[in-house]
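One structure is given below, encoded as structure tokens.
Any read-out appearing in this document is the output of simple, stated calculations on the displayed coordinates, not a laboratory observation. What you are looking at is a predicted structure, and each value in this text was computed from that prediction instead of being measured. Cβ coordinates were reconstructed from backbone atoms using ideal geometry, including for glycine residues, and neighbour counts include every protein chain displayed.
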């Protein structure tokens, strides 16, 4: 997975987590896979966090205990039997492990709780629906009995999106509810069940000629960092974005129709390329995060699979300001948009150059000599997608803008390095946390004219904590602005300290005028900040919709989208309930 | 305005309508402007409609009578005084002409009624709000007094959108509420009041360097056929599309934020390039057609004004099938989209070749000889927008696809001809109707795989009426489908016959599976078909929103979006109420 260390190598936990343990639940991705920081990063962490090799000799809080707890199942035997009748007894689980497995996502507080063996907010029962019919019966019955319904897709939520705050039922969609319903090459669409996983969808589309007898291969165009362990349904209900969204669009641009099972019945949107028939049902349901109903089917636009036309690029700018101006000019130039568009601020650039092995090389020296100075310079990388002539013209025009702003072309190499890690970096999170090093992210959306205020303001708060790394990049870029993505790394293992820090960052994002999320969603974690952004009248719009779809508040209750947050509990922490 | 006739020329009414007459209200556009059909078209009409020169000697139902009617004002003097206090007495009108002037749009039934002197569904009072403050006070007071509120923008609705079915107040936004609030070159946005007219907005943007000291000139990118006589607010609340929408997007793609005054208060959406913060408020408000509140401000994305990069093209295809396949392949090719994209079916092609003077020329003979036969061949025209290299590549790739499907390149000439008429053709509607010839349009949205069924089905109904022209084109095109736009021309002057025919077309659009509108909106005219398209559960979503925003049903009441249609009145005709 990485080059050998020359000096001391921490006792990284590379072994797959033993089955049945807390670790097997919280560890990211494939149990057998891992990624360790390289030696340069390790050195940096020691410096930044005032740690020594000694601190990396004994990993802690590994969650190697077997999952076991004493939490009553708040359902009657009759209710349990009804569920067994609906989905079949083999698709009903009430054991501790199955319940905990779907209770949380990958929010930092989830990992922290599981490492501590703190078990709370778990479902009473886990169901594995086989088809829409099962889901309809479950929702109908739960509505009648007022049993909360949660939905578990890939489990990669970082906003406490799937957390079963009020107990009840969790529907695990991965097991059975993951099939292709229709592939339509004429319309260039595919209809899938909500539990369809990212890689499976992409495999199917890439192999459309052999699987469907299609004329060509396709791609879904949606590749979030969680791609390998997220599902289509999760992308849609949270309004996710893939790393290639600058070209392909966010999921709300890719979805053409959807079907939901709600307590008041089926909501199925029309499959039209556009319409002027009242408010957009699709845009009402996307972003509902399970609070209006269960997403069952999604029809997605698909794209031609043409990796041969991808053109990689990377540049180094002298300053963040030059880089931002170039980014804006590229997006406003009307020559098309790059697919991956990632521009790192000075601190992230510093870390990335370490990660990619550029630091200390001859290239580093050349950059420094030419005035691209450490902790001032900014790395911009990405690649294009689309038809050949289109990508060729785009790369040429983008190059012109970068040159205008004094950038140095660095070839496609850094992009290739980034691609290697794009789905693998999350593996480092657990392995570092074994030594008390917390890695977390928050992200927002902001217009160009307010970007520096947000960047500076949020960074200022992040860095007010000593010995803390705060890396920022701009990605998912638009003519009117971009996503700003903050990654913070710190030695921190108290849940209370973590939450206080996180609240401070969320406060800063709001204070400086960015949206509370560009693509992670709101969930239960960011919900207390939602009203501060959108205002009381608009939050009441969501509540009016909620009352219509889910009058008994059984769908993802307990804070989702601030729909049932008490006024006096704006920042409540379920942990302390 | 057009070449001299060689033979008999009808007594076209070219004079501006006398002030104060019904004609001055229903006539399209500039009173002094007109457009007459050329001699080829005139000849065609005579043939098609079994008419002779004699039928064109005496124009009828010209609406030259002075507007005068006896309709009581259902407001108390106190209420009228309150309105005078709010907007100033000079901004309150209760005379017959002012009331009728804002009661209707340009729906065919509006024209027919006005020609007959039928006056119904008019407001009690007309107000000219000066600013948002006025509008807030008006809505608050009307909500308290339960007085209906209608909004009049450009008055170009073709769906009975502005019709004051329940009397009350009509707010005429054109007079004062039409200013620029902010021009933001960094974000490439402009914020305007809802009554801002299309040409004024475009003039301002084209002259941004001199007006705002901007670095360059901009364009709004939104040019509906009604452009010269429509306003930004109307574009937005109806989900309109400009003729260049294939490149620039529909208005819902161009809007970045909005502000509404509703009975429950202000609804202001955030100006973020994208977000994952619950359902989209923008997409809830767009398409609300005045039924949730009064749109006051809109922030629009703007685009670089680069007419020098526009590249015109036109092709003739042998068959509608070849043409459709080419259109689809162009839109799915991922080399960018043309700006204007207009593909005519055989009957429309026939009319257009007459209109553009191609019929009977040497070019016509060449086409016929090469197998592009009359009433089979299809004309495709348009132009590109964007950066120079982008448009160059796009035109080249588009050409390749057209050639693949056997098309003959016809140069940019037909496009230029189309451009001449793009905003002027509506002038022909009135001048033809003076001889009882009705021209009307209906349009829908449909996926590629269902397009031929809709085209055939709707045409079959249209043509089941003898002596009727039905022209269809595809415009506003997407990778997944397109808008189909039907223009029907017939000798018809009974309102009852007209409505029966229109209902039949709307039935056919629904029966064959298209959306009820792509960009005209629903209004009160298409409302009875809305539930048939979106279903009961989704119509109830709109009603839930309505209850929240407008609990007393004062905003555009009387059928808008089927929000207050009785179940037993699915097709009711206000005329017969």
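Provide the percentage of antiparallel DSSP beta bridges, counting only those with both residues in the protein assembly as shown; round to the nearest 5.
90 percent
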Worksheet item: Nm distances between the label at residue B:88 and the same-position labels in the remaining copies, 7 Å along Cα→Cβ, shortest first?
Response: 7.5
Worksheet item: Using Cα atoms only, what is the angle between the long axis of helix A:39-48 and the major principal axis of chain A, expressed in degrees (0 to 90) to the nearest 10?
Response: 80 degrees
Worksheet item: What residues of segment B:430-458 lie in the reach of a label at residue B:359, counting those whose backbone N is under 19 Å from a point 7 Å from the Cα along Cα→Cβ?
Response: B:432-433, B:437-440
Item to complete: Would you tell me the mean number of C-beta atoms belonging to other protein chains that fall within 10 Å of each C-beta in B:396-402, as a whole number?
Response: 1
Discussion item. If I take the rotation axis that carries chain B onto chain A, which residue of chain B has the nearest beta-carbon, and at how many angstrom?
Written reply: B:283, 2
Worksheet entry | Shape category assigned to segment B:225-371 from the gyration tensor of Cα positions, a/c cut at 1.5 | prolate
Worksheet item: Using 1/(1 + (r/R0)^6) with R0 = 41 angstrom and r between the beta carbons of residue A:308 and residue A:566, what's the FRET efficiency to the nearest 0.05?
Response: 0.15
Response to the item:
The helix B:320-331 Cα axis meets the longest alpha-carbon principal axis of chain B at an angle in degrees, between 0 and 90 and rounded to 10, of 60 degrees
Worksheet item: Principal axis lengths of chain B from Cα atoms, whole Å, largest first?
Response: 75, 59, 50
Item to complete: Distances from residue A:6 to the same position in the other copies: list them in nm, one decimal, shortest first, using label points 7 Å from Cα along Cα→Cβ.
Response: 9.3
Discussion item. Between residue B:453 and residue B:319, how high is the FRET efficiency from 1/(1 + (r/R0)^6) when r is the Cβ-Cβ distance and R₀ = 25 Å? Nearest 0.05.
Written reply: 0.90
Worksheet entry | Mean Cβ count within 10 Å, highest first, over the residues of peptides B:5-13, A:184-192, B:340-348 | B:340-348, A:184-192, B:5-13
Worksheet item: Using a ≥ b ≥ c from the Cα gyration tensor of segment B:391-547 (square roots of the eigenvalues), is it rounded, prolate or oblate, where a/c under 1.5 gives rounded and otherwise the larger of a/b and b/c decides, a/b for prolate?
Response: oblate
Worksheet entry | 19 Å reach of a label modelled at residue B:120, 7 Å along Cα-to-Cβ, counting backbone N of segment B:67-100 | B:68-74, B:99-100
Practice prompt. Extending each Cα 7 Å along its Cβ direction at residue A:6 and residue B:404, get the distance between those two points in nm, one decimal.
Written response: 5.5 nm
Practice prompt. With just the Cα atoms of the protein assembly as shown, tell me how far they stretch along each of the three principal axes, in Å, largest first.
Written response: 105, 63, 58
Worksheet item: Roughly how many Å is it from the Cα centre of segment A:328-388 to that of segment B:420-435, as a whole number?
Response: 56 Å
Item to complete: For segment A:25-59 and segment A:204-223, compute the distance between their C-alpha centroids and round to whole Å.
Response: 38 Å
Worksheet item: Relative contact order (percent) for segment A:38-182, with alpha-carbon contacts under 8 angstrom and 6 or more residues of separation?
Response: 26 percent
Item to complete: Taking each label point as 7 Å beyond Cα in the direction of the beta carbon, state the distances from residue B:374 to the same residue in the other copies, shortest first, in nm.
Response: 8.2
Discussion item. If each DSSP helix of 4+ residues adds -39,500 (n - 2.57) and the sum is divided by the residues in the protein assembly as shown, what number results at 222 nm, nearest 500 deg cm²/dmol?
Written reply: -10000 deg cm²/dmol
Item to complete: May I ask you to derive the FRET efficiency for residue A:416 and residue B:203 from their Cβ-Cβ distance with R0 = 51 Å, giving the value to the nearest 0.05?
Response: 0.55
Item to complete: Calculate how many DSSP beta bridges within chain A are antiparallel, expressed in % of all such bridges and rounded to the nearest 5.
Response: 90 percent
Worksheet, complete the sentence: Between the alpha carbon centres of segment A:445-488 and segment A:294-310 the gap in Å comes to 29 Å
Discussion item. I need the peptides B:402-412, A:195-205, A:265-275 ranked by packing, meaning the mean over residues of other C-beta atoms within 10 angstrom, with the highest value on top.
Written reply: A:265-275, A:195-205, B:402-412
Worksheet item: Can you list the equivalent-ellipsoid semi-axes of segment B:462-528, largest first and in whole Å, using the square root of 5 times each Cα gyration tensor eigenvalue?
Response: 22, 15, 10
Item to complete: With everything on Cα atoms, drop me the angle between helix B:495-511 and the longest principal axis of chain B, reported from 0 to 90° to the nearest 10.
Response: 70 degrees
Worksheet item: Averaged over B:530-543, how many beta carbons belonging to a partner chain fall within 10 Å of each residue's beta carbon?
Response: 5
Worksheet item: In percent, how large is the relative contact order of chain B, given Cα pairs closer than 8 Å and 6 or more residues apart?
Response: 16 percent
Response to the item:
Taking a ≥ b ≥ c as the square roots of the eigenvalues of the Cα gyration tensor, with a/c under 1.5 meaning rounded and otherwise prolate when a/b exceeds b/c and oblate if not, segment A:461-573 is oblate
Practice prompt. Beyond 19 Å, what share of the Cα-Cα pairs of segment B:223-276 is found? Please give it as a whole percent.
Written response: 37 percent
